[in-house]
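Remarks on the structure that follows.
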Amino acid sequence: MATMEDHATRWFNVQSVPHSYTFPPEKRPGKHPFSTCTAIPIINLNSPEKSDTIQKIIKAGRNFGFFQVIDHGVSESVSTEALNVLKELFNMPLEEISRDAIKNGWVHMGSTSFDIDGVHLWRDNIKHPCHPLEKCMQHWPQMPTRYREVMATYVQEIRRLSWRILELICEGLGLEKGFFEEISQVQFLSASNYPACPDPSVTLGVLKHFDHSFITILFQGNVDGLQVFHDGKWIGVGVLPNAFVVNIGTQLEIMSNGKLRSAEHRVMTNSEEDRLTIATFINPSPNCTVEPAKALINESNPPLYDSFMFKDFVVSSNAFGPYTEVVQTKD
Ligand code: OGA
Ligand code: NI
């Protein structure tokens, strides 16, 4: 019964959007309907034409900063199980979620912790590091009881997929094999619950932002919401059954010396159904020097970005919020 009562009094269980979630007019997404863009490439990772796959990835990375992958080798049951266990977690009473987060040392950001000029985002979110697995797992949610087991399988599969895509990118850019291997040993999970919203035109699930990763892999179930800024307008990244959305983070844009682009994106809400997503970020290691890869620099291709240590960026940008210390000191 406690669960039912708690759910009924949750922040999103309202007839109209409260003032504290209503963005000022200039920041609202407005009433334009969510239109899905068919131009964002869908790439089959199991194609026998490897060089063709690589070219598609590089082109998508350059033109959109986004693509979707299918036939990627991660079984559907692994992703749907991960979504299911997260759904159970987000449905737990708030006090239980907070207690678990404090006890185990992971981050729960309830909707009111997102305060952008005094306005809250329309989402609940959890975050935790994922690699090395055994060490990180001890600081994951203990409830639901299946959480650690189910999510361990998911993040390992996604890490493998991420590295596989990074290796294809490496080959496509003409970098030596294994270029990213040592420097991309940090993985974070960020799962979000975007409840159905009475008025999507005045709210946002996530404000426009760049990911500060090498690459991000997103599983978005079967509900639309993600938009990418492309050619001066917002376009929808449609949902494809069992596909993953892949996007180029700012650190990979720098290392590729701008051959790949990181694109701004945001999350719309919808009035029909809840949307649950799992993002995992592959980030540079703290001591990684982020700079345009030397192999891509010559007289006619000068470096377009300055060099810096990733851990210094983490501190100065505060892009990793509560995990600044972890990202900064872990090796
Ligand atoms: C993110 C992100 C998109 C989504 O977590 O950085 O952009 O659809 N998520 O949840
Ligand atoms: Ni993002």
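Can you work out D for the chain in µm² s⁻¹ from Stokes-Einstein, where Rh is the Kirkwood radius over C-alpha pairs, the temperature is 4 °C and the viscosity is 1.567 mPa s?
63
Charges at C-beta only: +1 for Lys and Arg, -1 for Asp and Glu. How large is the resulting dipole of the chain about its Cα centre, in Debye rounded to 20? Show your work: numbers first, answer last.
Numbers: 29 positive and 38 negative charges, 64 e Å.
For the chain, the charge dipole is close to 300 debye.
For the range 252-331 and the range 162-188, compute the distance between their C-alpha centroids and round to whole Å.
14
For a quick check: with amide H placed at 1.01 Å from N, whose amide H comes under 5 Å from residue 288's, ignoring anything fewer than 5 positions away on the same chain?
310, 311
Leaving ligands, DNA and RNA out of it, report the carbon-plus-sulfur percent of the accessible area of the chain at a 1.4 Å probe.
Working: 7960 of 15250 Å².
Carbon plus sulfur share of accessible area: 52 percent.
Roughly what angle does helix 94-104 make with the longest principal axis of the chain, taking Cα atoms, 0 to 90 degrees, to the nearest 10?
Its long axis makes an angle of about 40 degrees.
Quick one: compute the contact order of the range 19-317, relative version, from alpha carbon pairs under 8 angstrom and 6+ residues apart, as a percent. Could you put the intermediate results ahead of the total?
Details: 607 pairs, mean separation 67.5, N = 299.
It comes to 23 percent, rounded to a whole number.
Among the listed pairs 59/208; 27/259; 31/127; 31/233, which are separated by more than 19 Å between their Cα atoms?
59/208; 27/259; 31/127
Along the charge dipole of the chain, Cβ charges K/R +1 and D/E -1, which of 327, 92, 163 sits furthest on the positive end?
Value computed over the given set: 163.
At a Cα cut-off below 20 Å, give the aspartates and glutamates reachable from residue 177, other chains included and same-chain residues fewer than 8 away excluded.
49, 52, 167, 253, 291
Tell me which residues come under 5 Å, amide H to amide H, from residue 199 once H is placed; ignore anything under 5 positions away on its chain.
17
Mind pulling the angle between the C-alpha long axis of helix 50-63 and the longest principal axis of the chain? Nearest 10 degrees, somewhere in 0 to 90.
The angle comes out near 70 degrees.
On a 0 to 90° scale, report how tilted helix 147-173 is relative to the longest principal axis of the chain, with both axes built from alpha carbons and the result rounded to the nearest 10.
30
May I ask you to order 233-246, 170-183 by the average number of other C-beta atoms within 10 Å around their residues, highest value first? Intermediate values should be presented prior to the final figure.
Values: 233-246: 18.6, 170-183: 15.7.
Ranking the peptides 233-246, 170-183 by packing returns 233-246, 170-183.
The values are calculated or read from the model by the stated rules, or taken from the named source; none is laboratory data. Remember, predicted model here, so these are calculated numbers, not experimental data. Positions of Cβ are backbone-derived with ideal geometry, glycine not excepted, and every protein chain shown enters the neighbour counts. The accessibility values were calculated without ligands, DNA or RNA, using every heavy atom of the protein model including side chains. Shrake-Rupley method; radii C 1.70, N 1.55, O 1.52, S 1.80 Å.
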